[in-house]
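Below you'll find the structure, written out as structure tokens, and then a few comments.
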Amino acid sequence: MSLELSAPVAAYFDAGARFDLDAMVATFAEEAVATDENRTHVGRRAIRQWIAEASFGPRAVAVPQVAERQDGVE
């Protein structure tokens with residue numbers, strides 16, 4: 001079973017599988033807000049730091065299992 005992901009979400013996970021930090025960060029708007037592990041990261045600079053620490057330090061690859069829209073946002 002494959003998930004139907006929007007283009008930016010699919011691009012984020014594809015870039016993550018390649019450990020391409022620039023491509024991962026490029027999927028976020030300049031003033032985006034990302035919340036993960038009870039921490040909120042505001043703006044591309046903060047999101048870049050979060051991704052670098054969470055994914056690149058331990059060389060972790062996230063693989064989506066379920067996707068759903070909430071309040072019109074993926």
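Would you pick out the residues in segment 9-56 that are under 21 Å from Arg69 (Cβ atoms), touching a Phe, Trp or Tyr at 6+ places or on another chain (Cβ under 8 Å) and open to solvent by 50 Å² or more (accessible area, probe 1.4 Å)?
Asp36
Just to be sure I understand the filter: pairs with C-beta atoms under 8 Å, separated by 6 or more residues or on different chains, first member in segment 34-45 and more than 17 Å from Pro8 (Cβ to Cβ), second member of a type in the set (Asp, Glu) and open to solvent by 60 Å² or more (accessible area, probe 1.4 Å). Which pairs pass?
Val42/Glu31
Out of the residues in segment 14-34 that are part of a helix (DSSP H, G or I) and charged (D, E, K, R), which is farthest from Val63 (Cα to Cα)?
Asp22
The values are calculated or read from the model by the stated rules, or taken from the named source; none is laboratory data. These numbers were taken from a predicted model, which means no experiment stands behind them. When we count neighbours, we look across all protein chains shown, and the Cβ atoms used for this are built from the backbone with ideal geometry, even at glycine. Ligands, DNA and RNA are stripped out before the accessible areas are found, and what is left, the full protein with its side chains, is counted by its heavy atoms. Shrake-Rupley method; radii C 1.70, N 1.55, O 1.52, S 1.80 Å.
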